[in-house]
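The values are calculated or read from the model by the stated rules, or taken from the named source; none is laboratory data. Bear in mind that the values here come from a model prediction, so they are computed numbers and not experimental data. Because the Cβ atoms are built from the backbone with ideal geometry, glycine has one as well, and the counts that use them run over all protein chains shown. Side chains are part of the model used for accessible areas, which takes the heavy atoms of the whole protein and leaves out ligands, DNA and RNA. Shrake-Rupley method; radii C 1.70, N 1.55, O 1.52, S 1.80 Å.
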Amino acid sequence: MDNEVNHVLLTISLLPYITVRLAHDLCGVSQAARALSCIARHNLFIEKLSVSEIDTFQYVPIFREFLMSKLEETYALGKLN
């Protein structure tokens, strides 16, 4: 997996819901919108919610738990940027 996409996925796993704008602001990655849309379009553990005019996404719960455990491991190893 691309490092930039990996960074986006891990960082946004901290939140139950995420907008493209918030993903961009949190991650500092210009491709956050593209990454989220692409992953959701291919049904890869992220769902696009239609609760508002703003593109909002959420992880499938088990994938979010997996990512949060990876984030904890990364943080514990001092690898978090």
Number of the exception - Ala40 against (1) in contact with a Lys or Arg (Cβ under 6 Å, 6 or more places away or on another chain); (2) assigned to a loop (DSSP other than H, G, I, E, B): (2)
Within region 3-24, tally of residues that are open to solvent by less than 90 Å² (accessible area, probe 1.4 Å) and either of a type in the set (D, E, K, R) or under 13 Å from Leu67 (Cα atoms) (or both): 12
Set Arg64, Arg34: member being part of a helix (DSSP H, G or I) and open to solvent by less than 90 Å² (accessible area, probe 1.4 Å): Arg64
Qualifying residue in region 46-56 (condition: over 23 Å from Thr74 (Cβ atoms), modelled with pLDDT of 80 or more and open to solvent by less than 20 Å² (accessible area, probe 1.4 Å)): yes
Qualifying residue in region 29-36 (condition: over 18 Å from Glu65 (Cα atoms), modelled with pLDDT of 80 or more and among the basic types (Lys, Arg)): no
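Considering region 1-31 alone, what residues qualify as being of a type in the set (S, T, N, Q) and either part of a loop (DSSP other than H, G, I, E, B) or under 10 Å from the mean Cα position of the chain (by Cα) (or both)?
Once the filter is applied, which keeps residues that are of a type in the set (S, T, N, Q) and either part of a loop (DSSP other than H, G, I, E, B) or under 10 Å from the mean Cα position of the chain (by Cα) (or both), region 1-31 yields Asn6, Thr11, Ser13, Thr19, Ser30, Gln31.
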Subset of region 1-31 (residues that are among the small types (Gly, Ala, Ser) and farther than 15 Å from Tyr59 by Cα): Gly28, Ser30
